[in-house]
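Notes follow once the structure below has been shown.
Readers should treat all values here as calculations from the given coordinates under stated rules, not as data from a laboratory. Remember, predicted model here, so these are calculated numbers, not experimental data. All Cβ positions, glycine included, derive from the backbone under ideal geometry; neighbour counts span all protein chains shown.
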Number of protein chains: 2
Amino acid sequence: LRLAVIGAGSFGTAMATVAARNDNDVLLWAHDPRVADAISSTRSNPFYLPDVTLPDRVHATSSLDEAAAFSDTFFMIVPSQYYRGVLAELRNRTDGLLTVISGTKGIENETLERMSGVTRAVLGERLSCYGALSGPTFAAEASKGDPTAAVVASGDLECAQRIQHILSSATFRLYHSDDVVGVEIAGALKNVIAIAAGVLEGLGLGYNTTAALITRGLHEITRLGIALGGKPDTFAGLAGMGDLVLTCTGSLSRNRMLGVALGKGKTLSQFLAETRAVAEGVKTSKAARDLAEQHGIEMPITTEMYRVLYENESPTHALQRLMTRSLKAESSR
Amino acid sequence: LRLAVIGAGSFGTAMATVAARNDNDVLLWAHDPRVADAISSTRSNPFYLPDVTLPDRVHATSSLDEAAAFSDTFFMIVPSQYYRGVLAELRNRTDGLLTVISGTKGIENETLERMSGVTRAVLGERLSCYGALSGPTFAAEASKGDPTAAVVASGDLECAQRIQHILSSATFRLYHSDDVVGVEIAGALKNVIAIAAGVLEGLGLGYNTTAALITRGLHEITRLGIALGGKPDTFAGLAGMGDLVLTCTGSLSRNRMLGVALGKGKTLSQFLAETRAVAEGVKTSKAARDLAEQHGIEMPITTEMYRVLYENESPTHALQRLMTRSLKAESSR
């Protein structure tokens, strides 16, 4: 099969590698021509995934025309706030039915739409198959071939199975689910909790506090997810608990790195001035706060992170409130 | 209040510290007179919790007579296989009603009893209040005063509240639960998954694989716990997910250390010959396997760990089977 991976960050590059190892021909689209050129000349992605040699079946481009002409199956892995624009460009350059896999973990801020909703809005009748892929999948490890398991969620079983067939292998196991809402909400919201985990680290706190935060974090994500129509089991699964644990305890992700900076007294704008990486959790904390308000769901950790990020609240005060408030009762879902 | 903490390992010493900070007078009983002497002379526990200075209100002894005379409230934190014997000694040296808090995380191997059952069997009518304390509570952090949250489970709300009153503070928050079964099973079983997490580390695998293991591990613990009468929410809470995440991703616990050694090709007996620390997960894997068989519950990770520990199965083979088997379907509880 021919697959166009749209977005050549670390996760996009890793998924291109995984797909190519599975005997697919992959065109990897990079927004930045320098990234595409570097991939073509070095057979690796020195900007976002160094140390991984890309299989011969991966080629790179920065031309959306080329990407659109290459395949009718797009694996979208661009920052959530650019997803709609990029997908519209692809739509305008193609005709006929399209398959879209989303690896983007976020919520569009203005519309509060998840990527499935954005995809439907952009493609309408031309969308033949949509799957959201999520789970504990650090790019470097997945591309190296470390045993990795994730979920692909689709309302259409046949579509989920098609995506499984494209990407699943002995070291990259993909389970299907019909809970698109749950998988998308879990994938997006965990980045907010990851920022909070970073704040704890920045404040010099230990594993006990982080473990309590992760537990309560999954609790509030689950509450929101269920209110939006997601299924409880999804949040206890790979896309929920699995990805949350990975992001809060594994290597320092961009979201956790931001949290560490906040915990050490930096502001969001200071952090953003120093780094070009996108921390999805910043936008997601805003969207999640809005969704929580709309649905009358209490999300103490998310709310505190919103205040720290957007209202310059002190992380120490936020933490104090969390310790006395969010941990009130153990099992009030 | 006067509290006797029975067991002066790292967790016992930490709980003695937490209780003393809360204005209780604490007598800490150590099995080994050298430990009691060292505590008395250095005001710390150089064997099991160095770097922590004990509050003045903590005193140490290796005499069970003294411990029995000191209080009618015992906080039992001894290895599970010694719990019955030590508690019987205390019973024989006291009369009247007793309160028992259990911080022991394990299952008695011959009887497959949890500590609540052992306590009831030993004390009978003399047991006035029993609570199981569990959660993500690394000893060094809890005694340092890092924000820590745990659960105390009791069938008797008033008893749970009494224990909360003894131990809860701003930095050590104790939530009550009525699910003794769930809290005890979660606390015991997580040590088996921690050994498995260590095996993955020993084999050189990364965070993706560990996150999947933790997710599936909680799944099978939950299945067993529910079959035994536990409540699903407990496993999603601090004593379930929280403690599991801590033990599998935080500092190297004894159980994970054992797993690392196994993953690097050592056998259980080689490991035991080199260390005097008790890895509760070894005994628990056997008890859990027996319980799973009794109740017809599939516990693939626990079963594989049992084989690795007791039947010299190769960790690599065990892992291969897990990757192809336990991750079969995402949400089959």
Have a look at B:ALA60, B:ALA288, B:ALA170 and tell me which one the Gaussian network model of chain B (Cα, springs below 10 Å) gives the largest fluctuation. B:ALA170
Rounded to one decimal in nm, the spacing of the 7 Å Cα→Cβ label points at B:LEU252 and B:TYR310 is 2.7
For the range A:209-257: span of alpha carbons on each principal axis (Å, largest first): 31, 19, 15
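Can you give the helix-only mean residue ellipticity at 222 nm for the protein assembly as shown, where every DSSP H stretch with n ≥ 4 adds -39500 (n - 2.57) and the sum goes over all residues, rounded to the nearest 500 deg cm²/dmol?
-16000 deg cm²/dmol
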Taking amide H positions as placed 1.01 Å from N in the peptide plane, with prolines and chain starts having none, which residues 5 or more places from B:VAL52, or on another chain, fall under 5 Å of its amide H? B:ASN45
Check: C-alpha center the range B:246-306 vs C-alpha center the range A:118-170, spacing in Å is 34
Of the candidates A:GLU274, A:GLU89, A:GLU125, which one comes out as most mobile in a Gaussian network treatment of chain A with C-alpha springs shorter than 10 Å? A:GLU274
Rotation relating A and B, chain B residue nearest the axis via C-beta, angstrom: B:THR249, 2
Could you give each residue of the range A:76-83 its phi-based ³J(HN,Hα) in whole Hz, using Karplus coefficients 6.51, -1.76, 1.60 with θ = phi - 60°, and x for Gly or Pro? 7, 9, 10, x, 4, 6, 9, 4
Return P(r) of chain B (all Cα-Cα pairs; 10 Å bins starting at 0; whole %; ordered from short to long distances). 6, 28, 35, 23, 8, 1
The residues A:MET323, A:MET76, sorted from fewest to most surrounding Cβ atoms within 10 Å, come out as A:MET323, A:MET76
Assuming 0.36 nm per residue, please report the length gained on full extension of the stretch B:TYR82 to B:ASP65 beyond their Cα-Cα distance. 4.4 nm
Under 4.7 Å Cβ to Cβ, no partner at all: give me those cysteines from chain A, in residue order. A:CYS248
Positive dipole terminus of the range A:121-187, leading residue within A:GLY124, A:TYR175, A:ALA140 (C-beta point charges): A:ALA140
At B:ASP56, with labels set 7 Å past Cα in the Cβ direction, how many nm apart are the copies from this one, shortest first? 7.9
When all C-alpha to C-alpha distances in the range B:1-146 are sorted into bins of 5 Å, what percent of pairs does each bin hold, rounded to whole numbers? 2, 11, 21, 24, 21, 14, 6, 2, 0
Using a 7 Å offset from Cα along the direction of the beta-carbon, what are the separations from A:LEU252 to the same position in each other copy, nm, ascending? 2.3
Over the Cα atoms of the range B:84-184, what radius of gyration and what Dmax do you get, in Å? 14.0, 40
Find, to one decimal place in angstroms, the Kirkwood hydrodynamic radius of the range A:206-333, where the mean of 1/r is taken over every pair of different Cα atoms and then inverted. 15.3
Which percent of Cα-Cα pairs in the range B:72-114 sits in each 10 Å bin, short to long? 27, 54, 18
Between the range A:1-65 and the range B:67-92, the alpha-carbon center distance in angstrom: 63
Ascending list, in nanometres, of distances separating the B:ASP178 label from those of the other copies (7 Å, Cα toward Cβ): 3.5
Among A:LYS266, A:LYS105, A:LYS283, which one shows the biggest mean-square fluctuation in a GNM of chain A, springs joining Cα atoms closer than 10 Å? A:LYS266
Based on the Kirkwood radius over alpha-carbon pairs, what value in µm²/s does the Stokes-Einstein equation return for the translational diffusion coefficient of the protein assembly as shown at 4 °C and 1.567 mPa s? 50
The long-range amide H neighbours of A:GLY131, using H built 1.01 Å from N in the peptide plane and a cut-off of under 5 Å, are A:VAL100, A:ILE101, A:SER102
